[in-house]
1. Rounded if a/c is under 1.5, else prolate if a/b beats b/c, else oblate: with a ≥ b ≥ c from the C-alpha gyration tensor eigenvalues square-rooted, which is chain B?
2. Which of rounded, prolate, oblate describes the protein assembly as shown, given a ≥ b ≥ c as roots of the alpha-carbon gyration tensor eigenvalues and a/c under 1.5 marking rounded, otherwise prolate only if a/b is larger than b/c?
3. If one computes the Cα centroid of the stretch B:214-252 and of the stretch B:115-135, what distance in Å separates the two points?
4. Sequence gap at least 6, Cα distance under 8 Å: using those rules, report the relative contact order of chain B to the nearest whole percent.
5. Sequence gap at least 6, Cα distance under 8 Å: using those rules, report the relative contact order of the stretch B:6-118 to the nearest whole percent.
6. Using a simple spin-label model with points 7 Å from Cα along the Cα→Cβ vector, what separation in nm is obtained for B:Gln120 and B:Ser186?
7. Name the residue, out of A:Phe173, A:Phe148, A:Phe120, whose mean-square fluctuation peaks in a Gaussian network model built on chain A with Cα pairs under 10 Å.
8. Neighbouring Cβ atoms within 10 Å as the yardstick, rank A:Met124, A:Met1 fewest first.
Amino acid sequence: MELGILLGLAALILVVVVMIYNGIITRMNAVERGWANVITQERQKNKMIPHLEQVTEQFKQHEMGLQSSIAELRSGLARLQPGTIDTAALQQVEGSTQKLMQGLTIAVEAYPELKASEIFNNLMREIAEQQENIGAAIRIFNQNVEDFNNGIEVFPNSLVNSLLNKKTRVTPFHDSEAEAGFEYKLR
Amino acid sequence: MATKNPNSALAEAIAQFNQQLPQIGNKAELLRLLDKLALLPQPIRYHYKQRWYLCSAGLLLSILVAVLTYQLHADTLLYYIAAAMALISLIPLLIALHHIHQLNKFTKQLYWQNALLDNQLTLLKKADWPPTAHWLQQFAEFKRGNYKREFKQLIQGQFTGSEHSFAYHYWHFHYVNRRTEVSTNSKGQVTTRVVYDHFDRYGLILPFAYCRNLFITAFAAEGIKGERYSSDSGRFNKLFQVRAADTMQAARFLKPAIIIALEEQAAALKQLNLAFSEQGELCISFADKNVLDSQPAYGLDQLALFRQSIEQPTALPKLQQLLNTVHQLLRHSDSNF
């Protein structure tokens, strides 16, 4: 009788441990997927770069500065890898994007006819939507990171993680400017 | 000629204005109705103080008669007299309560009419309803209920956003489930009874050309088919189930900004579902009945303040939030080139 209870208890503990172990792996996969999504969204900018280059040719006074910002953004995007969670590289890309957008905003003020053109406005709208998606992807990544970090730090998960999974905390991405890119707020 | 009792005059006026209310089509007409209300003796309220006293006295007297009858072991006929006195005292009280209820209802109705006008909403009469049969056929949402299914209310609206404008219908759907309950009493006798469970769902229907055959559900109805899809967000996956005829289409539609917008919307509306039909219509449904609710801050007894609140635009924040979400879905689904 007692042996049966002990065996039942052991089986129960084993099931709980397996569930926690699998939960940690699932949440880690969600973090990696979230990161890959951020990179996918960032790389969407590559599609915009040829259009931007075309537009900047028209900003004669500002062309050099904008071209160098585009080059900086392009090389930053190339450094981002879906397999490696590198928030510093992401921060650099976001910085380059902000710099480019600020440059464009200043440049366009000197060319009112361009500001009124449909192609330019569509391009700016597309870039704004891309930035929103990047901001949202970062937010999803951070949510997944928070769930993962909670999943390895709360008891008894911390015990299972230290013995079996041996995963370490993932640092969420914090960039107020990138998050501000996600303009949509529910009113 | 005898002068009319002020309470009866007010009751008559309210009944008359109540009939005019559904015909009001713009703010100017609504303000004209308030002008007519301003001609009534102010403040607009019933004066039932005397009636309260008389009714209270009548009730106390009937209690006293009943107590004395009990203590003096008097004829039981006195009990009946006491009960009759209590009933007679209660009748004017009930009439007064009915009048007060009517006045409050009218105030709320007036304010709601104003909220509809401010938000470009038109309550449709049944004769003006669009054919609902194709909605019932198109969306699994309306296949709920094994006994009865009916639309209770349809309101037509128009949203103008920075990039997209669209017409929509707000609907209130009622359905009834019929089931048989079997119970056994302590003597082992089995009895069966038929139980009717009533439910209500609310939502919007609008044209949505950028996505078809996709179902995002927190409270799925039966009959939704398609391949299952999981998004990149663990929280979104906990909130919603996604089914699509083509998972690639689901992946394309569920951009991060849309996922976050729907997560936030799900925090504001219970049992939120989105169904994109094959015919290019979007049906959003939820359990919250207060999306079009708007409560007046003042009653008609403070007519000047009530008028001021009517003159200000009345916001329906929950509806606005939902429409902004729809606008967000449209913005991120269309092509900018």
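Computed from the coordinates by the stated procedures, all read-outs in this text should not be read as laboratory data. In this text the structure is predicted, and so the values were computed from the model without any measurement. Don't worry about glycine lacking a Cβ; one is built from the backbone with ideal geometry, like all the others, and counts go over all protein chains shown.
1. oblate
2. Cα axes put the protein assembly as shown in the oblate bin.
3. 30 Å
4. In percent, rounded to a whole number, it is 16.
5. Relative contact order for the stretch B:6-118 comes out at 35 percent.
6. My value for the distance between the label points is 6.6 nm.
7. In this elastic network of chain A, the residue with the biggest mean-square fluctuation among A:Phe173, A:Phe148, A:Phe120 is A:Phe120.
8. Lowest to highest Cβ neighbour count: A:Met1, A:Met124.
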